[in-house]
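What follows is a short report on a single structure.
The values are calculated or read from the model by the stated rules, or taken from the named source; none is laboratory data. This is a predicted model, so every value here is computed, not measured. Because the Cβ atoms are built from the backbone with ideal geometry, glycine has one as well, and the counts that use them run over all protein chains shown. When the accessible area is computed, the model is the full protein with side chains, heavy atoms only, and any ligands, DNA or RNA have been set aside. Shrake-Rupley method; radii C 1.70, N 1.55, O 1.52, S 1.80 Å.
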Amino acid sequence: MLTATYTLVALSVEQASVRVSLQSLQKLLPTNFVNQSALTAGQVSYACDALQRLFHNCHWRKIDIFLIPAIRRATSHANSLLDELDALSDVAGHAIADVVARVNAGPINTAAGVRHFCIGIDTFCDAMLARLDREEHELFALARTMISGEDWFAVANQMLAHDAYRQESRPLRDIAAPAPVLSDMDDALTVGAARAMERRHASWVAG
């Protein structure tokens, strides 16, 4: 079970990093946004850039790429929990879609517009934080009992290979084209598209 323990520790580190980022964005809302009657273009751009990075980080975590597929292969007893986790991701995806629609509609120059913009961001963060908590308190415990030692070893090797690949490709990512602008995120933020990306990546790993 040492392999399981080390793997879960590595996943917990990633979870902690995502949690800190979500909480940091939430803390900005009451101090920098909520009490304003309008937001500058710079404020909107900053918040949306942070939201885009968080969306990417939340949907490309190792737990989604490696652990959840291993759990699905190991047992059907986790299906209900996984559906509930997906429901939280759906809430987060719809919240971002609302933020995107609000920004694409024009400047955020009313108190109501600011409030709705902040509610969308806060809803996304709350949903993903709730998912993180349930993964750590429920999914990890289930994984520890349901995944075999051989499968834990495979998951650990996949994670190591993934980290090595990312490290080798880092220079290429650093000089890659800028991330898509906010208006290009609409389709990517739908639940169906997000899940399709996850399935493609999971099938690539399994192959």
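Kindly check whether there is at least one residue in segment 104-126 that is under 29 Å from Tyr6 (Cα atoms), of a type outside the set (D, E, K, R) and modelled with pLDDT of 95 or more.
So in segment 104-126, the residues under 29 Å from Tyr6 (Cα atoms) come out as 125-126.
Checking the rest, the ones that are also of a type outside the set (D, E, K, R) come to 125.
Of the ones still in play, those that are also modelled with pLDDT of 95 or more are 125.
Looking for residues that are under 29 Å from Tyr6 (Cα atoms), of a type outside the set (D, E, K, R) and modelled with pLDDT of 95 or more, one finds at least one in segment 104-126, hence yes.
So which residues in segment 128-178 are open to solvent by 80 Å² or more (accessible area, probe 1.4 Å), at pLDDT 90 or above and either closer than 15 Å to Ser12 by Cα or outside any helix (DSSP H, G or I) (or both), if there are any at all?
Passing the criteria: His137, Arg144.
Please tell me if Ala143 is of a type outside the set (Lys, Arg) and in contact with a Gly (Cβ under 6 Å, 6 or more places away or on another chain).
Values: of a type outside the set (Lys, Arg): yes; in contact with a Gly (Cβ under 6 Å, 6 or more places away or on another chain): no.
Here the answer is no, as Ala143 does not meet what is asked.
Having 1 or more residues that are surrounded by 16 or more Cβ atoms within 10 Å (Cβ to Cβ) and within 13 Å of the chain's Cα centre (by Cα) is the bar; report the helices (runs of 4 or more DSSP H) wholly within segment 35-127 that clear it. Don't jump to the end; show me each part of the working.
Details: elements: 41-59, 68-74, 79-104.
Once the helices (runs of 4 or more DSSP H) in segment 35-127 are filtered for at least 1 residues that are surrounded by 16 or more Cβ atoms within 10 Å (Cβ to Cβ) and within 13 Å of the chain's Cα centre (by Cα), what remains is 41-59, 79-104.
Only one residue in Gln43, Gln23 is more than 28 Å from Ile147 (Cα to Cα), out of contact with any Pro (no Cβ under 8 Å at 6 or more places or on another chain) and without any contact (Cβ under 8 Å) to a residue 12 or more places away in the chain, so which one is that?
Numbers: Gln23 fails: without any contact (Cβ under 8 Å) to a residue 12 or more places away in the chain.
Just one listed residue meets the conditions, Gln43.
Filter segment 15-34 for residues that are surrounded by 15 or more Cβ atoms within 10 Å (Cβ to Cβ) and part of a helix (DSSP H, G or I) and give the result. Step through it out loud before you land on a result.
We begin by selecting, within segment 15-34, every residue surrounded by 15 or more Cβ atoms within 10 Å (Cβ to Cβ); these are 15, 18-19, 21-22, 25-26, 28-29, 33-34.
Within segment 15-34, Gln15, Val18, Arg19, Ser21, Leu22, Leu25, Gln26, Leu28, Leu29, Phe33 qualify.
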